Amino acid sequence: MAKDAQGLVVTASAESAAALDRAVSAYFAWKGDPIGELQGAVDQDPGFSLGSSAIATLFLLSGFRGDNPKVTAALAAAGQAIAGATSREARHLAAAKAWAAGEIVDATHIWESILIDYPTDALALRFAHDSYFCLGQSLSIRDSIARVLPAWDRQGENYGYVLGQYAFGLEEAGELRRAERVGNAAIDRNAGDAWAIHAVAHVLETESRQTEGIAFLKASRPAWSQAHALAIHNGWHLALYLIEEGRFEEVLADYDRYIAPRLAEDFLLDLVDASALLWRMELAGVDVGGRWAPLATQWLTHVDDHTLLFNDLHIALAVSRAGDHEAIDRLRDSLDEYARDGRGDNHDVTVGVGRRLIDGMLAFADDAYSRAVELILPVRYRVISIGGSHAQRDLVTQTLIAAAERSGQINLARALLAERLAVRPTEFTRLHYARVGGTASAQTPPSDIR
């Protein structure tokens with residue numbers, strides 16, 4: 001019976017097991033075409049149920065709806081071949097079905113059950129990792145890797161990638177020193193590990209080490225730019241540093257060179273990054289010109305998907321700033337229908353927190369700043385449930401600060417900026433704090449209270 005690179009039995013031909021290994025390596029590296037690798041194997045080996053389950057999950061994690069024909073076809077193919085599969089492979093199909101039904105948390109529980117029995121199951125590990133990111137479960141991002149890391153062969157091809165995932169989990173859990181060490185260890189193993197580079201970039205951003213971050217990402221760009229599925233996102237991290245340093249022309253130049261030409265490729269992470277970048281630039285007082293319109297047009301092809309509230313929030317940013325009132329109404333109507341008829345974990349997040357955030361952002365874009373504060377402020381500590389990273393969700397805090405200032409709620413703006421200065425003591429924030437009446441000479445809090 002065939003086995004994968006981790007020594008796990010695969011109900012498939014030897015050629016299909018080899019294709020699985022190639023797909024895993026591509027997936028971990030954010031390169032190549034893991035779905036294409038798996039589909040080619042399934043076409044030749046219809047009994048390769050795990051391949052079809054993995055295809056369905058990869059589509060779902062890419063933002064496809066559970067009723068998308070590509071997802072349903074993959075699930076059907078996996079089901080037709082499941083009779084001869086192992087219990088582990090059957091659980092992979094169950095997890096994919098759970099996600100397709102909107103039960104993302106249940107899917108993570110199934111993958112974790114696989115990892116308890118098979119700690120080197122590469123697909124279960126990465127599927128859980130990506131799912132926790134979508135759910136905003138920072139501690140689970142860390143702990144899921146920690147539970148299995150001792151079982152992985154340190155000399156194995158993908159061990160460095162697992163370290164990179166662990167580094168990101170450590171950073172999201174607030175263990176910045178360990179995150180930086182583990183991330184750099186992963187990069188030492190593989191200089192092209194874009195996710196490990198990404199983890200270190202998070203550390204540098206969280207600690208407001210902008211100058212160092214710019215140097216780090218520019219020096220490593222030849223490596224991370226080869227990881228096509230993460231290249232725009234790591235470039236987005238570079239933009240965060242540049243915005244804090246007021247280097248706006250560089251940011252727009254990179255947007256026009258790297259991001260704008262890829263919008264039509266319809267990769268959702270790229271669309272998220274484009275929306276967040278342009279919004280942050282406008283918060284900083286930069287005129288981004290006509291860049292919103294093509295982005296909004298691309299986003300509107302997903303206005304009825306509602307796979308993740310995180311995506312819907314970024315749709316709202318784009319259509320509101322593009323000034324497309326018809327699109328705004330379409331988004332609101334679609335969200336109303338989803339609230340009424342939807343189901344699953346994302347539906348619960350949308351109803352509980354997300355719709356309020358979206359309406360707050362739409363109010364902000366419409367210059368209704370007091371209304372934006374009224375909507376966002378009460379739920380700001382529940383924003384983690386929409387998923388994404390701390391750095392991505394920081395957009396909400398930045399918008400709340402701007403709304404408070406622009407609505408004349410200076411005491412609130414000053415308080416929020418004092419809070420921000422305590423954890424992100426950049427010159428940009430210090431000057432903003434002074435502008436709203438804070439102490440112009442405000443210093444970084446002493447180490448004993450940080």
Between a first residue in region 101-119 that is farther than 12 Å from Y132 by Cβ and in a loop (DSSP other than H, G, I, E, B) and a second residue that is among the acidic types (D, E) and at pLDDT 95 or above, which pairs have beta carbons less than 7 Å apart while being 6 or more apart in sequence or on different chains? G102/D345; E103/D345
Condition (residue is touching a Ser or Thr at 6+ places or on another chain (Cβ under 6 Å), among the β-branched types (V, I, T) and assigned to a helix (DSSP H, G or I)) applied to region 71-84: is it met by at least one residue? yes
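Residue by residue, here is whether (1) open to solvent by less than 30 Å² (accessible area, probe 1.4 Å); (2) assigned to a helix (DSSP H, G or I); (3) modelled with pLDDT under 95 holds:
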residue: G354; (1), (2), (3): yes, yes, no
residue: I358; (1), (2), (3): yes, yes, no
residue: L362; (1), (2), (3): yes, yes, no
residue: R380; (1), (2), (3): no, yes, no
residue: R393; (1), (2), (3): yes, yes, no
residue: A402; (1), (2), (3): yes, yes, no
residue: Q443; (1), (2), (3): no, no, yes
For Y241, only one of the following conditions fails: (1) open to solvent by 10 Å² or more (accessible area, probe 1.4 Å); (2) touching a Ser or Thr at 6+ places or on another chain (Cβ under 9 Å). What is its number? (1)
Considering L317, L313, L269, which residue is at pLDDT 95 or above, under 17 Å from the mean Cα position of the chain (by Cα), part of a helix (DSSP H, G or I) and surrounded by fewer than 18 Cβ atoms within 10 Å (Cβ to Cβ)? L269
Scan region 337-350 residue by residue and report those that are of a type outside the set (S, T, N, Q), part of a helix (DSSP H, G or I) and within 21 Å of the chain's Cα centre (by Cα). D345, H347, D348, V349
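For (1) open to solvent by 10 Å² or more (accessible area, probe 1.4 Å); (2) farther than 21 Å from A26 by Cβ; (3) not in a loop (DSSP other than H, G, I, E, B), each residue gets a yes or a no:
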| site | (1), (2), (3) |
| --- | --- |
| S140 | yes, yes, yes |
| I145 | no, no, yes |
| V148 | no, no, yes |
| D153 | yes, no, no |
| G164 | no, no, yes |
| G169 | no, yes, yes |
| R177 | yes, yes, yes |
| E180 | yes, yes, yes |
| A185 | yes, yes, yes |
Checking the structure you have, find out if any residue of region 214-230 is touching a Ser or Thr at 6+ places or on another chain (Cβ under 6 Å) and closer than 22 Å to D394 by Cβ. no
Do we have any residue at all in region 70-88 that's open to solvent by less than 40 Å² (accessible area, probe 1.4 Å) and under 15 Å from R126 (Cα atoms)? no
I'd like the full set of residues that are hydrophobic (A, V, I, L, M, F, W, C) and open to solvent by less than 30 Å² (accessible area, probe 1.4 Å), limited to region 188-213. A194, W195, A196, I197, A199, V200, A201, V203, L204
Over region 206-227, the set of residues touching a residue at least 60 places away in the same chain (Cβ under 8 Å) and in contact with a Phe, Trp or Tyr (Cβ under 7 Å, 6 or more places away or on another chain) is Q210, A227
Residue among G387, G342 that alone is among the small types (G, A, S), surrounded by fewer than 17 Cβ atoms within 10 Å (Cβ to Cβ) and modelled with pLDDT of 95 or more: G342
Is it the case that S334 is more than 26 Å from D67 (Cα to Cα) and part of a helix (DSSP H, G or I)? no
Restricting attention to region 291-336, the residues that are under 13 Å from L357 (Cβ atoms) and among the small types (G, A, S) number exactly 2
Looking for something assigned to a helix (DSSP H, G or I) and open to solvent by 40 Å² or more (accessible area, probe 1.4 Å) - is there at least one such residue anywhere in region 42-49? yes
Failed condition for V10, given (1) surrounded by fewer than 23 Cβ atoms within 10 Å (Cβ to Cβ); (2) of a type in the set (A, V, I, L, M, F, W, C); (3) under 22 Å from E157 (Cα atoms): (1)
Six or more apart or on different chains, Cβ under 6 Å: which pairs go from a residue in region 56-77 that's among the β-branched types (V, I, T) to one that's open to solvent by less than 50 Å² (accessible area, probe 1.4 Å)? Could you list them? T57/A96; T57/F127; V71/A56; V71/F59; V71/A100
Condition first: touching a residue at least 12 places away in the same chain (Cβ under 8 Å) and open to solvent by 10 Å² or more (accessible area, probe 1.4 Å). Now tell me which residues in region 25-40 satisfy that. S25, Y27, W30, K31, P34, I35, E37, Q39, G40
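The values are calculated or read from the model by the stated rules, or taken from the named source; none is laboratory data. Remember, predicted model here, so these are calculated numbers, not experimental data. All Cβ positions, even for glycine, are placed from backbone atoms using ideal geometry, and neighbour counts span all protein chains on display. Surface areas here come from the heavy atoms of the whole protein model, side chains and all, with no ligands, DNA or RNA. Shrake-Rupley method; radii C 1.70, N 1.55, O 1.52, S 1.80 Å.
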